[in-house]
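Below is one structure, written out as structure tokens, with a few remarks after it.
The values are calculated or read from the model by the stated rules, or taken from the named source; none is laboratory data. What you see is a predicted model, and the numbers here were worked out from it, not measured in a lab. Note that we place each Cβ from the backbone using ideal geometry, even for glycine, and neighbour counts take in every protein chain shown.
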Amino acid sequence: MEWVFDGGRPCLDLVNTLRSRHDDGVELLTGPDALAEWLARAGFTTGPMPVTAGNVLAAKALREAIDRVLREPEEMDVDLVNNAAAAAPAPPPRLVLADGRLRREVPAPKDPVASAFAALAADAIDLATGEAAVRICAADDCGLRFCDASPRRNRQWCSMSRCGNRAKARAHYARASARED
Ligand SMILES: [Zn+2]
């Protein structure tokens, strides 16, 4: 099983690092290297990240809290998300004046991993209180979460290429064989 980045939001892509949630689940955050790779692929870092085993545990705890907050929120999960968001707020941007021109510069965070978690938690806070709907893919063998921002909020599949086309093919096949009966 591979990383998927079809959630439409970084916090949902994190939730989807546990694949096959409809079943027993397949863990993709298998260790520090896997988490470092995910953070890089998700765009949180450009250089090597000092990821520890503790970070992996924290990522999984945040991930599960985010998933529950977006479905059946409880106080404990809300606290965990809030704490992650507050742990490493993004450093404020600053102006740099060089050769008479202004440039915007964002200082590198002191702890890039905690800073990534904070951004993910902040994204979950926005999503949980925003207009978009969070859905679970309609394919019964998928379990991926995605953000439905379609105008009628009627998107069914995590992605057309992974699940949508399979479902269409199945429906077509079922119709064709029903005609034959
Ligand atoms: Zn799917």
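Would you say A124 is part of a loop (DSSP other than H, G, I, E, B) and at negative phi?
On the way: part of a loop (DSSP other than H, G, I, E, B): no; at negative phi: yes.
So A124 does not fit the description; no.
Of the residues making up segment 11-43, just one is within 26 Å of A133 (Cβ to Cβ), of a type in the set (D, E) and in a helix (DSSP H, G or I), namely D13.
Note on segment 13-49: residues that are under 16 Å from A139 (Cβ atoms), surrounded by 12 or more Cβ atoms within 10 Å (Cβ to Cβ) and of a type outside the set (V, I, T) total 5. In segment 157-172, the residues that are assigned to a helix (DSSP H, G or I) form Cβ pairs under 9 Å with partners that are near the ligand (Cβ under 8 Å from one of its atoms) and of a type in the set (F, W, Y), at six or more places apart or across chains, as follows: C163/W157; G164/W157; N165/W157; R166/W157; A167/W157.
K110 satisfies every condition listed in (1) closer than 25 Å to P32 by Cβ; (2) surrounded by 11 or more Cβ atoms within 10 Å (Cβ to Cβ) except (2). Are any of the residues in segment 138-149 under 30 Å from N55 (Cα atoms), touching a strand residue (DSSP E or B) at 6+ places or on another chain (Cβ under 9 Å), away from the ligand (no atom under 15 Å from the Cβ) and not small (G, A, S)? Within segment 138-149 (the criterion being under 30 Å from N55 (Cα atoms), touching a strand residue (DSSP E or B) at 6+ places or on another chain (Cβ under 9 Å), away from the ligand (no atom under 15 Å from the Cβ) and not small (G, A, S)), the answer is no, since none of the residues qualifies. Only a single criterion out of (1) under 19 Å from G7 (Cβ atoms); (2) loosely packed, with under 11 Cβ neighbours inside 10 Å is not satisfied by A85, namely (2). If you take the residues of segment 150-169 that are polar (S, T, N, Q) and within 13 Å of the ligand (Cβ to nearest atom), which of them is surrounded by the fewest Cβ atoms within 10 Å (Cβ to Cβ)? By that ranking, first place goes to S161.
In segment 110-143, how many residues are of a type in the set (S, T, Y) and touching a Phe, Trp or Tyr at 6+ places or on another chain (Cβ under 9 Å)? Can you show your working first?
Start the filter on segment 110-143 by keeping residues that are of a type in the set (S, T, Y), which leaves 115, 129.
Adding the requirement that they be touching a Phe, Trp or Tyr at 6+ places or on another chain (Cβ under 9 Å) leaves 115.
Counting residues in segment 110-143 that are of a type in the set (S, T, Y) and touching a Phe, Trp or Tyr at 6+ places or on another chain (Cβ under 9 Å) gives 1.
Put simply, of A149, A171, A167, A139 the only residue that is among the aliphatic types (A, V, I, L, M), closer than 22 Å to D23 by Cβ and modelled with pLDDT under 90 is A167. Somewhere in segment 54-75, is a residue in contact (Cβ under 8 Å) with a residue 12 or more places away in the chain, part of a loop (DSSP other than H, G, I, E, B) and more than 30 Å from K168 (Cβ to Cβ)? So far as segment 54-75 goes, yes, one or more of its residues are in contact (Cβ under 8 Å) with a residue 12 or more places away in the chain, part of a loop (DSSP other than H, G, I, E, B) and more than 30 Å from K168 (Cβ to Cβ).
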